[in-house]
């Protein structure tokens, strides 16, 4: 396969794979710790409710963001022909942009925003890239 096409495929499949993990964990989290009396499609009502939620409501979103990024970066680095870590970190940057946007649209407690932005994206992408590089050498 053409290296450029394969690297493009790495980004697309990494982004999709990470997104599937992210969405799945968010759905599991909403089943495990449901928020009573809220329509999750009403973003304005959800944004108003965010500051009143307990820490238990932020555990699954954090892990969804972190594991989604980790898996997406791992997939991208595994598929990429060259510059594997750059592709992993690119996925991390893509997910970081999404994380910044969601934290802007649905502002949670400051401790969550700081942990989410500083831990869940670039560090997880770096770990995913390192794992993929290490496994591709064996």
Specify which of the listed residues (16, 89) is within 17 Å of residue 130 (Cα to Cα), assigned to a helix (DSSP H, G or I) and at pLDDT 90 or above. 89
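One line per residue, one yes/no per condition, for (1) part of a helix (DSSP H, G or I); (2) more than 18 Å from the chain's Cα centre (by Cα); (3) surrounded by fewer than 18 Cβ atoms within 10 Å (Cβ to Cβ):
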{"position": "45", "(1), (2), (3)": "yes, yes, yes"}
{"position": "48", "(1), (2), (3)": "yes, yes, yes"}
{"position": "61", "(1), (2), (3)": "yes, no, no"}
{"position": "71", "(1), (2), (3)": "yes, no, no"}
{"position": "75", "(1), (2), (3)": "yes, no, no"}
{"position": "93", "(1), (2), (3)": "yes, no, yes"}
{"position": "99", "(1), (2), (3)": "yes, no, no"}
{"position": "118", "(1), (2), (3)": "yes, no, yes"}
Identify, please: which residue in the stretch 16-43 is under 16 Å from residue 98 (Cβ atoms) and in contact with a helix residue (DSSP H, G or I) (Cβ under 6 Å, 6 or more places away or on another chain) and is, among those, surrounded by the most Cβ atoms within 10 Å (Cβ to Cβ)? 18
I need the full set of residues from the stretch 120-136 which are part of a helix (DSSP H, G or I) and touching a residue at least 40 places away in the same chain (Cβ under 8 Å), in order please. 124, 125, 126, 127, 128, 129, 130, 131, 132, 133, 135, 136
For residues that are within 20 Å of residue 63 (Cα to Cα) and assigned to a helix (DSSP H, G or I), tally how many sit in the stretch 28-43. 5
Can you confirm whether the stretch 84-96 contains a residue that is farther than 30 Å from residue 54 by Cα and free of Cβ contacts under 8 Å to residues at least 40 places away in the same chain? yes
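The values are calculated or read from the model by the stated rules, or taken from the named source; none is laboratory data. A quick note: this is a predicted structure, and the numbers were derived from the prediction, not measured. Neighbour counts run over all protein chains shown; Cβ positions are idealised from the backbone, glycine included.
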